Amino acid sequence: MHVLVTGGAGFIGSHLSAKLLSLGASVTVIDDLSAGDMGGVPKGVNIIEGCITDSASLSNAMQGSDVVFHLAAIASVPLCEADPAWSDKVNLQASLEIISAANCPVIFASSAAIYGEPVEIPIAENHPISPVGYYGQQKATIDANICSLGPQSTPACALRFFNVYGAGQDPSSQYSGVLSIFIDRASNGRQITIFGDGEQTRDFIHVSDVVQALLLTGSSLVESGVSSPAHASSFNICTGSPVTLNEVVDVISSHVEGDVAVSHEEGREGDIKHSSGDSTKLQSTFDWKPETSLTDGLLSLLS
Ligand code: NAD
Ligand code: UD1
């Protein structure tokens, strides 16, 4: 099985690539290293350092693939706000090209951001799509494109990740996932900054559970093509157990030595207040459930 992972040098992509290799797949990664790091890509992976907006690099990477996991994106909400034209090229146009050019199933990394501020919690897949910023709008367009595919099209599905965390998530940028930043800072005696009052909620899902969801939907699309229940469908990938940032800080504080200094800054532009998903659809369609609790996941990162 020849598998292409776009964005495979990133946080989720490197975990997925390692798992695919361990299952015996031949794995190719295309990544421009704008956020990823080849150091995280396991040995044995065929690496193409290139940009998905470059058609030649993309078609070279897609050549001979049996399935494409499309994870490459500007994954940060504020970075997309800062440069919507570039995120339009990467997150929107290149994604459309991948879906239309693929001769094999495509699994797309969609996002909870497409729902915007929820009108109902927990958020199921039929919740209104009302993204707040460019990142969410661009993800929503690709997600809708996939959900409207017909029986003659490329087999494809959209996985709507909530807030993914785990080992290997780069804490060094202010645009990284909040848990990696908080844990890194607290463990090194540095101050944590909370944007807003810290009462915003997030549904944090461990990367191993995300990888499992990618594998299950990917293998179903490979085996059954457009007859797969995943085809032209979307699935929430979440725990259904939201926590506030203040609660996260409390857990971290009780497991590091010394006091954790916390400061507050104004809430981020494009930030949503609450996020909590319902993953019943994925659980009832495939043999999936979240296995790692937030406490276990946090403790493994703190130890
Ligand atoms: P990440 O930033 O660690 O990984 C994304 C990778 O894509 C990086 O390695 C980056 O270098 C690469 N990339 C960016 N632009 C590129 C381009 N033009 N050409 C080639 N490669 C490019 O992010 P992640 O957390 O691993 O996220 C993976 C995917 O999941 C993204 O599509 C993201 O939007 C989506 N997602 C992530 C989360 C989360 O909480 N981490 C939640 C919802 C959705
Ligand atoms: C995250 C993902 C995004 C995904 C979305 C799905 C990252 C970088 N972004 O966005 O790809 O589509 O989940 O729900 O993984 N915060 C602080 N202090 C900090 C950093 C962040 O208070 O130092 C706050 C933010 O303002 C936000 C919350 O923490 O309210 C979460 O931020 P972040 O981890 O960047 O994720 P999302 O914006 O939710």
(message) To make sure I understand, if each residue's beta carbon is the centre and we count other beta carbons within 10 Å, what order do HIS231, HIS274 fall in, fewest to most?
(response) HIS274, HIS231
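When a footprinting reagent is the concern and you count Cβ atoms within 10 Å, what order do VAL262, VAL68, VAL41, VAL5 take, fewest first?
On the way: VAL262 17, VAL68 28, VAL41 23, VAL5 31.
Least crowded to most crowded, the residues run VAL262, VAL41, VAL68, VAL5.
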(message) What does the charge count around ILE114 come to, taking other residues whose C-beta lies under 11 Å from its C-beta (Lys +1, Arg +1, Asp -1, Glu -1)?
(response) 0
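Mind checking the alpha-carbon convex hull of the stretch 188-229 and giving the volume per residue in Å³? Don't skip to the answer; put the middle values down first.
Details: hull volume 5.3 nm³, N = 42.
Taking only Cα atoms, the stretch 188-229 has a hull volume of 126 Å³ per residue.
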(request) Tabulate in residue order the Karplus-calculated ³J(HN,Hα) for the stretch 256-261, using 6.51 cos²θ - 1.76 cosθ + 1.60 with θ = phi - 60°, rounded to whole Hz; enter x for Gly and Pro. (result) 10, 6, x, 7, 9, 7
(message) Can you compute the helix-only [θ] at 222 nm over the chain? Use -39500 (n - 2.57) per DSSP H run of at least 4 residues, normalise by all residues, nearest 500 deg cm²/dmol.
(response) -10000 deg cm²/dmol
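For a quick check: sort VAL222, VAL45, VAL119 by the number of other beta carbons within 10 angstrom, fewest at the front.
Arranged by neighbour count, lowest to highest, VAL222, VAL45, VAL119 become VAL119, VAL222, VAL45.
Which order do peptides 106-112, 124-130 fall in by mean Cβ count within 10 Å, highest first?
Numbers: 106-112: 27.0, 124-130: 15.1.
Ranking the peptides 106-112, 124-130 by packing returns 106-112, 124-130.
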(request) Calculate one ³J(HN,Hα) per residue across the stretch 201-213 by plugging θ = phi - 60° into the Karplus curve 6.51 cos²θ - 1.76 cosθ + 1.60, and present them in order as whole Hz with x for glycine and proline. (result) 10, 9, 9, 7, 10, 6, 4, 5, 6, 5, 4, 4, 5
(message) Please list, in order along the stretch 297-303, the HN-Hα scalar couplings obtained from phi with the Karplus expression 6.51 cos²θ - 1.76 cosθ + 1.60 (θ = phi - 60°), rounded to whole Hz, x for Gly and Pro.
(response) x, 5, 4, 5, 7, 8, 7
(request) Please work out the C-alpha center-to-center distance from the stretch 106-135 to the stretch 30-76 and express it in whole Å. (result) 25 Å
(request) Starting from the amide H of SER276, placed 1.01 Å from N in the peptide plane, find each other amide H under 5 Å away whose residue is 5 or more places distant or on another chain. (result) ILE123
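Read-outs: derived from the displayed coordinates by stated rules, not from any lab. Just so we're clear, the structure is a prediction, and the values are computed from it rather than from any experiment. A quick note on method: Cβ atoms are made from the backbone with ideal geometry, for glycine too, and the neighbour counts reach across all protein chains shown.
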